[in-house]
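The values are calculated or read from the model by the stated rules, or taken from the named source; none is laboratory data. Keep in mind the model is a prediction, meaning the values are calculated, not measured. Backbone-built Cβ (ideal geometry, glycine too); neighbour counts: all protein chains shown. Ligands, DNA and RNA are stripped out before the accessible areas are found, and what is left, the full protein with its side chains, is counted by its heavy atoms. Shrake-Rupley method; radii C 1.70, N 1.55, O 1.52, S 1.80 Å.
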There are 2 protein chains.
Amino acid sequence: MKILIVGGSGTIGRKIAAALKAKHEVITAGRNSGDMTVDISDKNSIVKMFEELKQIDACVCTAGTGFYGDYHTMTEEDLMPGIKGKMLGQMNLVLIGKRFISKEGSFTLTSGIAAEQPAKNGTAVATINGAINSFVLASAQELKNDVRINAVSPGLVEDSFEKYGNLFPGYNLAPMKKVVNAYILSIEGAVNGKILKVYS
Amino acid sequence: MKILIVGGSGTIGRKIAAALKAKHEVITAGRNSGDMTVDISDKNSIVKMFEELKQIDACVCTAGTGFYGDYHTMTEEDLMPGIKGKMLGQMNLVLIGKRFISKEGSFTLTSGIAAEQPAKNGTAVATINGAINSFVLASAQELKNDVRINAVSPGLVEDSFEKYGNLFPGYNLAPMKKVVNAYILSIEGAVNGKILKVYS
């Protein structure tokens, strides 16, 4: 398969890329790194990327984040970059990308544990993750040509503990192997419209 | 209690207002009707409303909707009014309104069945409802002064069948009495951080 990984140089994305490369043609994309440049918060940038790619069999997105910080001083200005990036950006990857994806292809988006178990100071990200989960449920009903869509909803992955562990006190770490497997299940399996939760 | 109902002239809002008026002081607000004018897609309009109100005991929002239409031609331009209105608008009602709400007060937002059981052509609304549900889970952890927050997630209410029934083939109607009761439970009860689902 020809597989696009948006965010393919990030903590999770590069592990997915490494796991897929033995069997598949992997193309990574990102704002500042990867085989291609894309800013998912800009729909024209997404269109440009897909027009260059022409056709792919699977589109994975591990890019995008949202605001972490004090709830009581948080404003719309703090929220908007995450809404335009991780939320609308992933939605646009599907809404635009569906014209470029093969029959029986797949989309795999990334939400996260915060949708159900938000951390303190993580309301913005929780909201975005909840949106992505419901977008995936709805999109799975709509996509044509046997194209599938799933969301992987990881907990705090063990590789991110050093950088982000202080934001998630008491959260169990998600083994990276299990997180990567969830993406592989979505790409190579038959699951559709699922929120693949990798946390406990 | 002094209770603000944003969307208080709408199908659900006016029934909540009618049910609450015997026991409470009810103030309705809306874009084009009600005791006060507010456009929840404009944060300055929300600030102005709360500054006029000064203090309330409960804030209910039944306003805001999202795009219904063909998934395959839907674009960011179709999505944004709902994101700015029903999603960000309800978030801003809480983020701004928390400075004006009494100790032990409450917020009650509205999501909907689409978060879990999206209808055909309803992906935009599904996404917004999923966002609101997770926003409520997260906000319940953050609000101070014993202020509570819940979301009512109604199915297609029986009063909307004539207008919207064709969008929801096979959906069971939610009795308006049960929908109104969910708002009353949120306002007068002790529940916090709950998604009060009124569908089966």
Once the cut-off is 18 Å, how many percent of the Cα-Cα pairs in region B:98-200 end up in the long-distance tail? 49
Each residue of B:115-123 has, on average, a number of other protein chain C-beta atoms within 10 Å of its C-beta equal to 5
Distance between Cα centroids, region A:31-76 to region B:122-138: provide it in whole Å. 21
Given the options A:F135, A:G112, A:L173, identify the residue whose Cα lies farthest towards the positive end of the charge dipole of region A:96-193 (+1 on Cβ of Lys, Arg; -1 on Cβ of Asp, Glu). A:F135
Set A:K86/B:K197; B:K120/B:K163; A:K86/A:K178; A:K144/B:K120; A:K15/A:K48, cut-off 19 Å on Cα-Cα distance; pairs above it are A:K86/B:K197; A:K86/A:K178; A:K15/A:K48
Whole-Å semi-axes of region A:23-90's equivalent ellipsoid, largest first, each the root of 5 times a Cα gyration tensor eigenvalue? 28, 12, 9
B:N145-B:S33 FRET efficiency (beta carbon distance; Förster radius 35 Å; 0.05 resolution): 0.65
Result for interface chain B to chain A, accessible surface buried in total, 1.4 Å probe, Å² to 100, stands at 3400
Comparing each residue of region B:43-86 in the complete protein assembly with the chain by itself (heavy atoms, probe 1.4 Å, ligands and nucleic acids ignored), those losing at least 10 Å² of accessible area are B:K43, B:Y71, B:H72, B:M74, B:E76, B:E77, B:L79, B:M80, B:I83, B:K84
Please state the charge dipole magnitude for region A:1-57, taken about the Cα centre, from unit charges on C-beta atoms (+1 on K and R, -1 on D and E), reported in debye and rounded to the nearest 20. 220
Short to long, in 5 Å steps from zero, the percent of alpha-carbon pairs of chain B per bin is 1, 8, 17, 21, 22, 16, 9, 4, 1, 0
So if I place +1 on the C-beta of Lys and Arg and -1 on the C-beta of Asp and Glu, and nothing else carries charge, what would the dipole magnitude of region A:96-186 be about its Cα centre? I want it in debye, nearest 20. 220
Pop out the carbon and sulfur fraction of the accessible area of the protein assembly as shown as a percent, whole number, probe 1.4 Å. 49
Taking a straight Cα-to-Cα line shorter than 13 Å from A:K43, and setting aside same-chain aspartates and glutamates fewer than 8 residues away, one finds A:E51, B:E76, B:E77
For region A:84-139, alpha-carbon Rg over 2.2 N^0.38 Å: 1.23
Wrap a convex hull around the Cα atoms of the protein assembly as shown, take a quarter of its surface area, and give that in square nanometres. 18.5
